[in-house]
Amino acid sequence: GPIVDNNVNYGNVYAYKLKMVDKDGSVDYSDTKFVTISGNNAGIELNEVSPNPVVNSASFEYSLTNASALRISIYNMSGKEVAVLFDGTQAAGTFTMNINSADLSAGTYHVILNSNDILLMKKFTVIK
């Protein structure tokens with residue numbers, strides 16, 4: 001799943017490097033990748049999951065100023081996609097999405113909204 005860096009500011013350039021550890025313990029590093037953060041959320045918003053922590057169900061609102069391709073997924077803390085809540089074209093507007101925690105184990109998760117290469121993320125916790 002995606003790795004999200006929430007500590008970035010528009011207009012800045014960031015350098016990223018991956019550390020890879022093999023099963024034998026050997027370590028290697030990727031080449032440095034430079035990323036320029038530009039623009040804004042392009043009229044896309046993702047609100048907090050409520051209630052949080054989640055016992056049985058929760059919901060969150062998201063909004064789009066323009067119709068666009070959209071995928072909303074839930075990822076566990078290992079980066080594995082564990083549920084897809086929406087995958088298709090969404091009209092402009094404000095929408096509410098429900099989360100049923102029956103199929104989720106206790107733990108921390110991320111809701112990831114992906115629209116036109118813009119990723120927005122909110123963290124929530126499931127308790128049983």
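The values are calculated or read from the model by the stated rules, or taken from the named source; none is laboratory data. Nothing here was measured: the structure is a model prediction, and the numbers come from that model. Heads up, the Cβs are rebuilt from the backbone with ideal geometry, glycines too, and the neighbour counts pull from every protein chain shown. These accessible areas exclude ligands, DNA and RNA; they are computed on the full protein's heavy atoms, side chains included. Shrake-Rupley method; radii C 1.70, N 1.55, O 1.52, S 1.80 Å.
Below is a table of values for the structure above.
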item: Flag for Leu113 being touching a Leu at 6+ places or on another chain (Cβ under 6 Å), open to solvent by less than 50 Å² (accessible area, probe 1.4 Å) and assigned to a strand (DSSP E or B); result: yes
item: Qualifying residue in segment 31-42 (condition: farther than 22 Å from Ile3 by Cα and without any contact (Cβ under 8 Å) to a residue 60 or more places away in the chain); result: no
item: Residue list for segment 66-104, restricted to those being closer than 20 Å to Glu48 by Cβ and more than 14 Å from the chain's Cα centre (by Cα); result: Gln90, Gly93, Thr94, Phe95, Thr96, Met97, Asn98, Ile99, Asn100, Ser101, Leu104
item: Top-ranked residue of segment 92-109 - restricted to ones that are open to solvent by less than 60 Å² (accessible area, probe 1.4 Å) and of a type in the set (A, V, I, L, M, F, W, C), ranked as farthest from Lys122 (Cα to Cα); result: Ala92
item: Residues being within 22 Å of Met77 (Cβ to Cβ) and of a type in the set (S, T, N, Q) - total across segment 2-29; result: 2
